[in-house]
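What follows is a set of notes on a single structure, which appears directly below.
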Amino acid sequence: MSIKTLTKKQFITDFKEKLYEEKLVTLEEAVPAELFTILAKVIRKYYTNEWSKRNEEITSKQQKVAYYFSMEFLPGRMLETNLLNLGILDLVKEAFTDLGLDFEAVKTAEYDMALGNGGLGRLAAAFMDSLATTGYLGFGNGLRYKYGLFKQRIVDGYQVELADSWFGSNGNVWEVKKERHTVDIKLFGQVYLKKDDAGRLKPVYENAQILHAVPYDVPQIGYQNQVINNLRLWDVEIPAEYELNYPTLTERRRIQDITAVLYPDDSNYEGQQLRLIQEYFMTSAGLQTIIKSYLKQGLPLERIHEKVAVHINDTHPAVAPAEFMRLLIDDYGLDWDTAWSTTVKTMSYTNHTILSEALEKWDIDLFKTTIPRVFQIIVEIDNRFVFEMAEKEVPHHIIEKTRIIKGHHVHMANLAIIGGYSVNGVAKLHTELLKADTLKDFYQLYPEKFNNKTNGIVQRRWTQIAAPELSKVIDETIGQGWRQDIHELRKLNAYLDDSQVLAEFYQVKQVAKAKLAAYIKETTGIEVSTEAIFDVQVKRLHAYKRQLLNLLHIIKLYWDLKDNPDKDMVPRVFIFGAKAAPGYHFAKSVIKLINEVANLVNYDETLQGKLKVVFLENYNVSLAELIIPAADVSEQISLASKEASGTSNMKFMMTGAITLATLDGANIEIKEEVGDDNIVIFGMDKDEVYRHYEAHDYYSRSLYENNPILTRVLDTFINGSLPGAVREGADIFEALVTHNDEYFLLADFMSYIEAQEQIDQLYRDQEKWSRMSLANIANSDKFTSDDTITEYAKDIWHLEK
Ligand SMILES: *Cc1c(COP(=O)(O)O)cnc(C)c1O
């Protein structure tokens with residue numbers, strides 16, 4: 001069965017047969033969840049041949065393969081993407097219409113695959129799609145968490161976390177379990193070295209725990225190109241021969257926990273042994289498989305770097321160089337120098353943060369207890385590094401700063417940098433700051449390893465899938481070529497002064513806004529007008545992202561309107577979506593305050609509907625697909641230097657929102673692409689921020705006391721205006737005034753207010769606004785992850801097509 005010759009008639013026959021065979025129901029009786037499962041199973045058979053062919057190619061073609069190791073993958077729903085990429089989305093939709101079925105209902109019956117926290121995991125998922133689409137041999141390696149990122153409910157304004165049991169009892173419909181590729185993982189115990197018959201030192205393990213890592217492969221379908229790559233997710237099982245070692249439920253549970261939950265924390269405070277085991281489990285399983293697969297080609301192991309690249313996405317899999325050494329030396333008998341030489345040529349690493357306190361490190365004792373042999377190898381790598389640097393006469397204090405084992409900790413970024421050949425940041429500014437600041441000493445030692453790869457997004461998901469009406473208008477304006485080649489969007493630049501075209505794009509935005517307004521009404525009961533500016537901030541809740549600055553502006557508008565209900569302003573709807581890490585007190589207080597302010601303003605009739613605040617619960621990829629195309633304003637207001645790149649900024653740009661931003665992360669590159677007139681910039685740049693750090697001259701209390709607007713806005717938190725959030729109000733006030741406002745909100749406040757006033761003025765001129773919006777869409781092609789991944793493939797991994 002080939003997908004190319006599939007007809008609607010054939011599809012309908014297949015679909016009905018499968019439904020009857022598996023569920024014994026007719027179309028009329030089936031519920032959306034059943035229809036979804038059947039649809040997924042039917043389309044699986046259309047791509048299975050290509051998928052298994054691709055898996056064989058790894059060994060048969062002897063081409064280099066990149067393996068992307070990531071603790072997080074956040075693809076969201078797969079159905080529509082898979083259909084689109086197979087080229088049968090329209091066919092299936094038409095068939096559903098013929099059958100009298102509701103495609104939307106069936107599509108929404110799929111659970112989001114949320115094996116990630118936010119941007120980092122979403123990027124990994126984007127890269128999977130783009131690797132398949134560009135045709136490079138690049139496979140993913142991760143964990144099959146039973147529970148994805150928690151489901152967020154808002155109860156009385158507070159975040160409540162619920163378990164996300166995303167694949168229920170039947171497994172994930174897209175995956176295939178590959179039992180025969182099971183590998184062993186060794187944890188705990190004691191290890192000592194003993195000479196074997198040939199006089200070589202071999203490790204002897206005592207009391208180690210042996211577990212099975214069992215892979216589940218999830219297809220990654222390229223865009224209409226018959227390429228299907230693999231995302232391999234590992235699950236844990238107790239080997240049959242050790243079943244008796246774990247007689248109690250508690251003992252079994254402790255093991256199952258290894259793949260139970262994704263840590264709901266994207267700020268790296270985590271210090272649990274379980275987390276280290278998760279990281280090691282995934283890394284070891286992936287590397288063992290890679291070596292086995294490579295050896296099938298009959299090539300010598302010391303040249304594995306010629307056929308394999310291993311990429312470390314953030315430090316979570318950064319144990320990889322040490323584990324690879326362990327396998328090469330202990331299991332395959334390579335000598336240290338040979339093993340090290342090939343290891344360093346195999347590993348590359350992406351850094352995702354400039355916050356040095358967020359760089360992952362592990363307590364030595366914890367590490368030694370958990371993976372004792374790997375720890376021995378890290379000690380040896382560290383010793384040799386120190387020795388080599390001393391020989392090169394690197395100053396002592398630099399060696400001490402860059403070595404892997406320092407104080408009582410193993411420093412994972414240091415291991416990834418020393419044990420690999422490439423380190424990249426994720427936006428121009430971020431990479432510059434890594435070189436100049438966070439990783440400065442490493443940049444002195446290994447300048448050749450550093451490079452930048454600005455993040456990207458899968459344009460297909462954010463336009464063709466999330467914004468079908470917009471996509472249609474683009475088709476009508478410049479033809480359909482952009483669906484294959486996103487760079488054709490630039491043709492839209494020819495229509496920036498065409499009032500007719502501008503009006504069509506404006507209308508399309510209104511349609512998306514109406515859809516979101518209906519969702520808001522349905523889920524929160526709040527009525528919003530599509531005539532208002534939809535001003536959106538959706539992303540993880542974090543102090544540095546400054547959702548609170550947004551809220552300060554809203555409170556200012558509230559007092560303006562209370563003083564003067566006739567204030568001349570374009571009505572605004574402020575829309576938030578954000579999950580807070582469950583242990584992140586500050587972030588949770590901000591959520592509560594947003595909801596309290598929402599209560600204050602939404603039902604106050606004196607405001608004449610000019611101000612609405614909506615917090616949509618459970619922000620995830622599917623919700624992003626609904627919200628982002630409906631945004632007029634994209635809030636990207638992190639303190640300059642803190643947001644490594646951001647990717648939602650790119651999604652908003654591509655669907656025609658105007659970015660309101662600080663000069664941070666990829667906002668800078670968005671500004672370069674769209675031009676100064678089509679973006680609104682405010683606040684300090686990173687040089688000003690750094691000057692404050694150096695001069696130690698920031699004093700938030702004096703800003704609070706001397707600026708009457710700020711006084712009034714901040715007092716709102718503590719003067720009884722928000723009776724439902726007295727404690728949270730006091731906490732936040734204290735953070736901003738008493739604890740000197742770590743992220744300089746008060747310093748950027750007035751500039752933000754002015755920028756917001758500029759937005760208000762710009763929106764009044766519909767044609768001008770539409771021109772800005774279209775300019776954003778027309779110049780967004782730079783941020784396709786297809787191009788980002790091509791750069792990784794060429795510059796870092798050296799892959800061929
Ligand atoms: C794109 C995306 C993110 C990343 O958003 P930033 O604003 O770049 O932090 C986080 N979560 C989801 C669900 C996303 O789709």
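The values are calculated or read from the model by the stated rules, or taken from the named source; none is laboratory data. Note that this is a predicted model, so its numbers are computed, not measured. Because the Cβ atoms are built from the backbone with ideal geometry, glycine has one as well, and the counts that use them run over all protein chains shown. Protein only, heavy atoms only, side chains kept; ligands, DNA and RNA dropped before computing areas. Shrake-Rupley method; radii C 1.70, N 1.55, O 1.52, S 1.80 Å.
The spacing between the range 67-138 and the range 1-51, judged by their C-alpha centroids, is 17 Å. The trypsin sites (Lys or Arg not before Pro) of the range 383-462 meeting both criteria, a DSSP state outside H, G, I, E and B (loop) and at most 13 other C-beta atoms within 10 angstrom of the site's C-beta, are K392. Considering only Q756, I732, A695, the residue lying farthest towards the positive end of the dipole of the range 691-765 is I732, judged by Cα position with unit charges set on Cβ. Computed from point charges on the beta carbon alone (+1 for Lys and Arg, -1 for Asp and Glu), the dipole magnitude for the chain about its Cα centre is near 1980 Debye. Each listed q (0.05, 0.10 Å⁻¹) maps to a log10 I(q)/I(0) for the chain from the Debye sum over equal C-alpha point scatterers, namely -0.27, -1.11. Shown for the chain: the carbon plus sulfur share of the solvent-accessible area, taken with all protein chains present and a 1.4 angstrom probe, equals 49%.
For the range 210-245, the residues whose backbone nitrogen is under 16 Å from a point 7 Å from the Cα of Q484, taken along Cα to Cβ, are 223-227. Rounded to the nearest whole Hz, the Karplus-based 3J(HN,Hα) values (6.51 cos²θ - 1.76 cosθ + 1.60, θ = phi - 60°) of the range 279-286 follow the sequence 4, 5, 4, 5, 5, 5, 4, x, with x at glycine and proline. Applying 1/(1 + (r/R0)^6) with r as the Cβ-Cβ distance of L299 and Q608 and R0 = 51 angstrom yields a FRET efficiency of 0.10. In the full protein context, the range 323-388 carries 35 Å² of accessible surface per residue, based on a 1.4 Å probe and ignoring ligands, DNA and RNA. Enumerate the residues in the range 495-520 having an amide nitrogen under 18 Å from the point lying 7 Å beyond the Cα of E527 toward its Cβ. 514-520, by backbone N distance to the label point.
The amide H of V613, built 1.01 Å from its N in the peptide plane, has F574, N602 as neighbours under 5 Å, considering only residues 5 or more places off or on other chains.
Here the Karplus relation 6.51 cos²θ - 1.76 cosθ + 1.60, evaluated at θ = phi - 60°, turns the backbone of the range 131-144 into coupling constants of 5, 5, 5, 7, x, 5, 7, x, 10, x, 9, x, 10, 9 Hz, with x for every Gly and Pro. Please report the base-10 log of the normalised intensity I(q)/I(0) for the range 370-465, using a Debye sum with one equal scatterer per alpha carbon and no solvent, at each q in 0.16 (1/Å). Relative scattering, expressed as log10 I(q)/I(0), comes to -0.74. Over all pairs of distinct alpha carbons, what does the Kirkwood formula give as the hydrodynamic radius of the range 184-291, in Å? Computed over Cα pairs of the range 184-291, the Kirkwood hydrodynamic radius comes out at 16.6 Å. For K562 and D685, the FRET efficiency from 1/(1 + (r/R0)^6), where r spans their Cβ atoms and R0 equals 51 Å, is about 0.90.
In the chain, the calculated helix contribution to ellipticity at 222 nm averages -13500 deg cm²/dmol per residue, counting -39,500 (n - 2.57) for every DSSP H run with n ≥ 4. The slack between V176 and S751, meaning 0.36 nm per residue of separation minus the straight C-alpha distance, is 201.7 nm.
Check each of the trypsin sites (Lys or Arg not before Pro) in the range 173-222 and keep only those in coil by DSSP with at most 13 other C-beta atoms within 10 angstrom; list them in order.
Passing both the DSSP loop test and the Cβ count: R200.
Treating r as the C-beta distance of T248 and K202 and R0 as 25 Å, the FRET efficiency rounds to 0.15. Within the range 651-699, none of the trypsin sites (Lys or Arg not before Pro) combine a DSSP coil assignment with at most 11 other C-beta atoms in a 10 angstrom radius. Averaged over its residues, the range 596-658 has an accessible area of 20 Å² per residue, based on protein heavy atoms and a 1.4 Å probe. For the range 694-794, what log10 I(q)/I(0) values come out of the Debye formula at q = 0.10, 0.15, 0.22 1/Å, with one point per alpha carbon and no solvent? Values returned for q = 0.10, 0.15, 0.22 Å⁻¹ are -0.55, -0.82, -1.06. Counting only heavy atoms of the protein chains and using a 1.4 Å probe, K93 has close to 70 Å² of accessible surface. What whole number of Å gives the distance from the Cα centroid of the range 508-537 to the Cα centroid of the range 591-663? Using only Cα atoms to place each centre, the spacing works out to 12 Å. Estimated at 0.36 nm per residue, the fully extended path between K292 and E705 surpasses their Cα-Cα distance by 142.0 nm. Near the amide H of L663, within less than 5 Å, lie the amide hydrogens of F682, all on another chain or at least 5 residues away, with H placed in the peptide plane. Between Q209 and D265, residue separation times 0.36 nm minus the direct Cα-Cα distance comes to 17.4 nm. Residue by residue, the range 180-194 carries 3J(HN,Hα) couplings of 5, 9, 4, 10, 8, 10, 9, 10, 6, x, 10, 9, 9, 9, 9 Hz when phi is fed to the Karplus relation 6.51 cos²θ - 1.76 cosθ + 1.60 (θ = phi - 60°); x denotes Gly or Pro. Summarising the amide proton neighbourhood of N230: residues at separation of 5 or more, or on other chains, whose placed amide H is nearer than 5 Å comprise G140, Q220.
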